[in-house]
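To keep things clear, I will list the structure first and then write my remarks on it.
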Amino acid sequence: MNTTPETQQQKTPTSPNAKKPDIVEISINSKKFSTERGKNSVQHLRELGSVPASEILSELKNGKFHDLQNDGHVEIKGGEVFVSHPPSGGSS
């Protein structure tokens, strides 16, 4: 009996314990991005949204912006909105 590559692929077992990550959509600077649900580092979000190190990344929660610490983490559930902005303060 000849087996075709298709048949061989169908016979390949998949691990019942292998869990695919739960991917959700978030927004960074009005652009949609996909990331894993759960704890995400602020550094990961910065890289994902190409946020310059010179800017502050903030999360919009309950109608207010909350600045995020660069070494912090954010619990992602899906639908979160992030915005970057230059640091406030400076000479006038």
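The values are calculated or read from the model by the stated rules, or taken from the named source; none is laboratory data. Given the structure is predicted, the values throughout are model-derived calculations rather than measurements. Here the Cβ is made from the backbone with ideal geometry for all residues, glycine too, and neighbour counts use every protein chain on show.
Structure notes:
Residue-by-condition table, conditions (1) farther than 27 Å from Pro21 by Cβ; (2) touching a Ser or Thr at 6+ places or on another chain (Cβ under 9 Å); (3) of a type in the set (A, V, I, L, M); (4) exposed (fewer than 15 other Cβ atoms within 10 Å of the Cβ):
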{"residue": "Arg37", "(1), (2), (3), (4)": "no, no, no, yes"}
{"residue": "Val51", "(1), (2), (3), (4)": "no, yes, yes, no"}
{"residue": "Ser54", "(1), (2), (3), (4)": "yes, no, no, yes"}
{"residue": "Glu59", "(1), (2), (3), (4)": "no, no, no, no"}
{"residue": "Asn62", "(1), (2), (3), (4)": "yes, no, no, yes"}
{"residue": "Glu80", "(1), (2), (3), (4)": "no, yes, no, no"}
{"residue": "Val83", "(1), (2), (3), (4)": "no, yes, yes, no"}
{"residue": "Gly89", "(1), (2), (3), (4)": "yes, no, no, yes"}
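- Selection from region 39-49 of residues that are without any contact (Cβ under 8 Å) to a residue 12 or more places away in the chain and surrounded by 14 or more Cβ atoms within 10 Å (Cβ to Cβ): His44
- Subset of region 67-78 (residues that are in a strand (DSSP E or B) and loosely packed, with under 11 Cβ neighbours inside 10 Å): Glu75
- Test: residue in region 6-21 that is out of contact with any Ser or Thr (no Cβ under 9 Å at 6 or more places or on another chain), loosely packed, with under 13 Cβ neighbours inside 10 Å, modelled with pLDDT of 60 or more and within 20 Å of Asp67 (Cα to Cα): no
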